[in-house]
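The values are calculated or read from the model by the stated rules, or taken from the named source; none is laboratory data. Model, not experiment: these values are computed from the prediction. When we count neighbours, we look across all protein chains shown, and the Cβ atoms used for this are built from the backbone with ideal geometry, even at glycine. Protein only, heavy atoms only, side chains kept; ligands, DNA and RNA dropped before computing areas. Shrake-Rupley method; radii C 1.70, N 1.55, O 1.52, S 1.80 Å.
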Amino acid sequence: MSADLRVVIIGGQHVGYHAARHLSERGHDVVIVEKDRDRVEFLSDKYDATIIQGDGGRRSILKQTGLERSDVVAGLTGYGAMTNIGICTMATNIEPDIGTVARIDHGDRDEYTGLVDRVVYPEELAAHAATNEIMHVAGSGVQTIEEVTGDLTLLELTVTEDAPVANRELQDVTFPRGAVVVAGRDSNQLPGAEMVLEPGFRYLVAVRTGVSDEVVRLFRG
């Protein structure tokens, strides 16, 4: 793929619009397909991009987007997972080498393995963001940065004064299997054997689901 991508987004409501805006801000070329005429007018006023009014589930409309010149097509409509999967399938039928991303409406990603390259579940992402804000307000010192896979999560953990790991070098701490310190968030350190886990400092830790509670206790006490 080129450094500057050309992305076709099917669905110009909230998810599609914000995805397009972020991509555009990063210098990528975006085409949005939206069938609601009022929404198309809104997008045309708010966003400097190619906007096509039409049903992105129709082959004739997809052909208008220039899939042959595009890197990725993203089915981000609010009409359900199978609609978005179907859009991506039709797009690959037109242009076999194009990358595909589909919005799903439940969290069982394994159901879509092999149908599209990647799936996105906006409600789950929103729940993570809401949880992080709740935890931040409560001063918990634990935030979810990203769910890498269904079983692997990247946590940001702040060490408390009385935590088991406080003021200890990384080499002296026994972490459960399935947990790795990735970086020192505040010190901009990559982990090394002699890195000290300092109280009040934040660290990024990749953890598997089954050991997350144990890891949190090591950092938080």
For this session: Would you mind telling me the share, in percent, of accessible area of the chain contributed by carbon and sulfur at probe 1.4 angstrom?
Result: 48 percent
Problem set entry | Estimated dipole of the chain in Debye, rounded to 20 [Cβ of Lys and Arg +1, of Asp and Glu -1, Cα centre] | 460 debye
Seminar exercise, completed: Rounded to 0.05, the calculated FRET efficiency for the beta carbons of PHE42 and VAL182 at R₀ = 45 Å is 0.65
Seminar exercise, completed: Within segment 1-94, DSSP-loop trypsin sites (Lys or Arg not before Pro) with at most 16 other C-beta atoms within 10 Å are ARG26, ARG58
Seminar exercise, completed: Calculated from DSSP helices alone, with each H run of at least 4 adding -39500 (n - 2.57) and the total divided by the residues of the chain, [θ]222 nm to the nearest 500 comes to -9000 deg cm²/dmol
Problem set entry | Stretch gain in nm, segment ARG58-ARG208, where the contour uses 0.36 nm per residue and the Cα spacing is subtracted | 49.9 nm
Exercise. Which whole-number value in Å² is the accessible area per residue of segment 1-120, probe 1.4 Å?
Worked result: 54 Å²
Exercise. Please state the Cα pair-distance histogram of segment 138-221 with 5 angstrom bins from zero: what percent is in each bin?
Worked result: 3, 17, 28, 30, 16, 5, 0
